[in-house]
1. Can you tell which of ALA569, ALA563 is surrounded by 21 or more Cβ atoms within 10 Å (Cβ to Cβ), closer than 21 Å to GLN79 by Cα and in contact with a Pro (Cβ under 6 Å, 6 or more places away or on another chain)?
2. State whether the residues of the stretch 605-614 include one that is in contact (Cβ under 8 Å) with a residue 40 or more places away in the chain and in contact with a helix residue (DSSP H, G or I) (Cβ under 8 Å, 6 or more places away or on another chain).
3. Out of ILE757, ILE731, ILE803, report the one residue that is over 35 Å from the mean Cα position of the chain (by Cα) and in the same structural domain as LEU661 (by TED's automatic domain parsing).
4. Collect the residues in the stretch 248-262 that are touching a Lys or Arg at 6+ places or on another chain (Cβ under 7 Å) and under 14 Å from LYS317 (Cα atoms), keeping them in residue-number order.
5. Give the residues of the stretch 764-774 that are more than 16 Å from ASP821 (Cα to Cα) and either in a loop (DSSP other than H, G, I, E, B) or free of Cβ contacts under 8 Å to residues at least 40 places away in the same chain (or both), sorted by residue number.
6. Looking only at the stretch 116-127, which residues are in contact with a strand residue (DSSP E or B) (Cβ under 6 Å, 6 or more places away or on another chain) and either in a loop (DSSP other than H, G, I, E, B) or surrounded by fewer than 18 Cβ atoms within 10 Å (Cβ to Cβ) (or both)?
Amino acid sequence: MRVPPPNLLKIEKDNLLEDVRSKLAEKYPDYAAPEDGDATDPAWVILEQAAWLVDLLSGQLDQYPYSMVQEFVHLMGGQLSPAVPSLGVMIANPLEAGEIVLDPQQTSPWRFFTLQTEELDIIEFTSLEPKVHLRPSSILSMVEVKNKELYLVGGPKSSSGIGAQEAWKTYQQRSRIFDEEWVRYDLTTSNAESLIETLEGAIASLEERKIGWLEFRIEQVSNIRVSVFARINLAKSFEHFQPTGLSEGDVRAHWGTLDNSTWTPPVRIASLPGLNPTIRGTEPMPGLRRGTILVPNVAESFEIKDLLERKSMPLKKDVVDSIWETLTHMDQKLATLTVSIARGVEPSSDEREPTWISTVLNQGLWAEVVDRTELRFIHMSVGQVEPTAGAFRLALVLKGVSEHNIPPIRVFGIDDNGMERVPLRHNIAWKLRLPDPNAGQRMVLVVALDIQVSATHNEILVVTECDPMAVLCNTILVGNMPAVQDGRQIEIVRNIPEPVNLLYDDLVNKDVIDHLLRDNISKDVASLLRRLPLSHFPVQHSSSIVDFEGVWLDPTSTEGEGALMRLNAPDGNGYHVPLRPGRVVQLDWYRRTDGEYGNVERGAIQIIEQPNGVEPNILEVFNPLDTFYGLGRENEQEAIDRMFNPSGRVAVLPTDWERLLRVNLGMRARGWVIRCWSHPERSLVSHDFWPPTTNETAVVTRSGLQSRVDDMYRSGADTMLVIVGAKDRLISDSELDWARGLIEGLVRRQQQRLPLIKKVVVMKFWPLVLRTKDQEEFPLPCFDIGTRSGTLRLLGDHQEEDIPNKQLLLNAGIVDVEVLDV
């Protein structure tokens, strides 16, 4: 990149003479100026000749080859930092299924823009992925299960259009979908009327058992088929004691149990304004008589039907079987019949209520799907008019989650036959951190998934332990790197470098991508950016020039003349594409950026430009989060200040890094252990990592740690190992991810001055307790275990481990000592 020129050394003779006259007038007031005296005075002639010589000689100082100065400063690391493009995510609403593909030789037919305002022109964005599969879809519901209860947590912004492609987590509300749960027992007989009489008699006999919460309904389907519907009706249990339906003080209800079962409906007292605050949300009391319950201190004239509310959980399978078993005990004729069972819930008028419950209940998959204490469920429609198989792009916006430890995600396909038992194949396409729309400078993690769906799938159900704050369909990774279609043809006339000014001041080449990747960019996004086509210049009778390889380019122009490119000149890596005279180079296309102006707010990207007949035909686009990472080009004064102004001490030794990291981590890491291990310490001293391989309960932790250990061993002397963590507890993965982002960013900034450390591996600190008989005192925390005896255990854990036969523990230290009685 071009280095700004220094100030001119030339001294103007007119300015010099004026300065001499003013000083002479101050020192010798009687000495007349030339205007008042003799201008041919020899003294004035000598002064004018001297000023002329100073003007001439000082001007020659500026004629020193400036390119030599530039090269010298460049060797010192001096260069203007280029404009860096912004990154973001965008959702699309396609008319039909299709793929957005980036052709390395052509520009993308899809272009995305922001609206033009009074202050800013339109900002263009483009897809950064080689291939993205889009398909018409919509989000139907977002629910979660906590302690076996179902809660509504969000829903789509609208039922159609681009609003159906995103759903945000809102307030939590208990689902009422199971209030209308039903169980159907289908019976086949030769005499339907006789069977109905038998069923009515059995139900009447069951009513005498005082199981007040159970209600039956008989329906004749045909001459040979009869169905019995069973459902829970809480209001029915009060009919015997409160026939008017109104409270008279203490309220009682029949609450009997089924045969071979102690189960009763899990209920709580409703939290309504008309009830005593002390009983709201509590469970009813057992009544004085067996098989009854009591709700005390209910306001008079309160409607009993609203007194209890059922906990939002379905009937268990053994309860469903017990209902029919109890009914057969009322009449043994029913026991000889073959029964088929169907389950479901009535459709709800609340659009937030899930519609997949009936499918899961009827197939008996509820226990298999809900196999954790806390789970989130996202239900989406992916059906099409012309069904096609392929990938479906879905993104989860997560908060407080480490990108290296994302909780498990399962995806189930739903077709006309119900929900499949085997989860669909899916993979993480990329992960990107963007600003949290609700928390200032905090960041959220956007995790994009590619889910493989078949042509028969109409819907999918995502089950995850993550707690997404938003769900996005048809998500595309975009950046402010639009392609510029130049079209000029440059004929090579000489074998020397041929300068060409391009059409824009801020271009994007691999050097700009490297500047962008100095920020906290995940590895998968970095891989996509490194594979992104940046330019294409066909050469007559020769191979094309791709991504500016083999030509010299300064991607930043500070003079508004366009970025400068030199053909027949080597690039920054020394690679040179020789172009003989007579060859014609066509400037087909290249990429540019708007720098910091590409950081646009949520909802700014709304316009799409695409050719007629292109597939997929995208109807609407929208960016649900702010774009980020864009930076403007560095001006000349900023580059000079960065290079030559005084600065703090440059970190060289591990202790320098520890001091610098402690300052940058701030109050959140107050009291933490921060230990930096250099390459000599790791390579010359025997060491080990915690937990040890003998700890069978930490196999998963050890396997996840091993990848970072292997990464460290593969690296050289320019890699530093950093251990961070609290002394009194084991920090969480989200805390480690936060610290890792700050530390990696600090290392990238330090590289601009002294690139001694180019890579950092960050691990969490494991606080250990030493149980020993020795009473020797030593400073804590202690990483040296070579001379220690006894056993080690993790702070807060009771499982003890033998001390490894090594000199150091790199990621763990002794923070406390328990001396055993001899």
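1. ALA563
2. no
3. None of the other options fit; the residue is ILE803.
4. Let us first name the residues in the stretch 248-262 that are touching a Lys or Arg at 6+ places or on another chain (Cβ under 7 Å), namely 254, 256.
None - no residue of the stretch 248-262 is touching a Lys or Arg at 6+ places or on another chain (Cβ under 7 Å) and under 14 Å from LYS317 (Cα atoms), so the list stays empty.
5. PHE765
6. The initial filter retains those residues of the stretch 116-127 that are in contact with a strand residue (DSSP E or B) (Cβ under 6 Å, 6 or more places away or on another chain), namely 122-125, 127.
ILE122, ILE123, listed by residue number.
Conditions (1) out of contact with any helix residue (DSSP H, G or I) (no Cβ under 8 Å at 6 or more places or on another chain); (2) on the phi < 0 side of the Ramachandran plot; (3) part of a loop (DSSP other than H, G, I, E, B); (4) surrounded by fewer than 17 Cβ atoms within 10 Å (Cβ to Cβ), marked per residue:
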position: SER312; (1), (2), (3), (4): no, yes, yes, no
position: SER348; (1), (2), (3), (4): no, yes, yes, yes
position: SER358; (1), (2), (3), (4): yes, yes, no, no
position: THR388; (1), (2), (3), (4): yes, yes, yes, yes
position: ALA391; (1), (2), (3), (4): yes, yes, no, no
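Residues checked against (1) in contact (Cβ under 8 Å) with a residue 60 or more places away in the chain; (2) more than 33 Å from the chain's Cα centre (by Cα):
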residue	(1), (2)
ASP588	yes, yes
ARG591	yes, no
ILE618	yes, no
THR627	yes, no
ARG662	no, no
GLY671	no, no
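The values are calculated or read from the model by the stated rules, or taken from the named source; none is laboratory data. Owing to the predicted nature of the structure, the values given are computational and were not obtained by experimental measurement. Cβ atoms come from the backbone with ideal geometry, glycine included; neighbour counts cover every protein chain shown.
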